[in-house]
Amino acid sequence: MKSEDKQTFIIKHGILQWGIPIAIIYSFIMSFTERDLHKTAFISDYFLSNLIISCIGFSIGGYLFGYFMWKRYKKTCKDKK
């Protein structure tokens, strides 16, 4: 693996590859369960507001996830040397 700086690694692996996708999946699931599986659930204000709030919350969680993955990544790199 090529060397990445800490902030880039956290944003890429934590927020973009974990936080945002989980927020989208969570919003779809919540819209299905709250709106009784109607197609209109995805064009409602409820879905959009839930998606925005989820993206913020899961991005914070994704940042923490990325931080701990960074620590593990650096430890693995040290062990290989």
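Quick note: the coordinates plus some simple rules give every number you see, no bench work behind them. Bear in mind that the values here come from a model prediction, so they are computed numbers and not experimental data. Every residue, glycine among them, receives a Cβ derived from its backbone with ideal geometry; neighbour counts consider all protein chains shown.
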Fill in the blank from the handout: Mean-square fluctuation maximum in Gaussian network of the chain, Cα pairs under 10 Å, restricted to Ile24, Ile56, Ile43, hits Ile43
Fill in the blank from the handout: Expected sort for Ser49, Ser44 with the fewest Cβ neighbours (10 Å cutoff) up front is Ser49, Ser44
Fill in the blank from the handout: Kirkwood Rh for the chain from C-alpha pairs, in Å, is 14.0
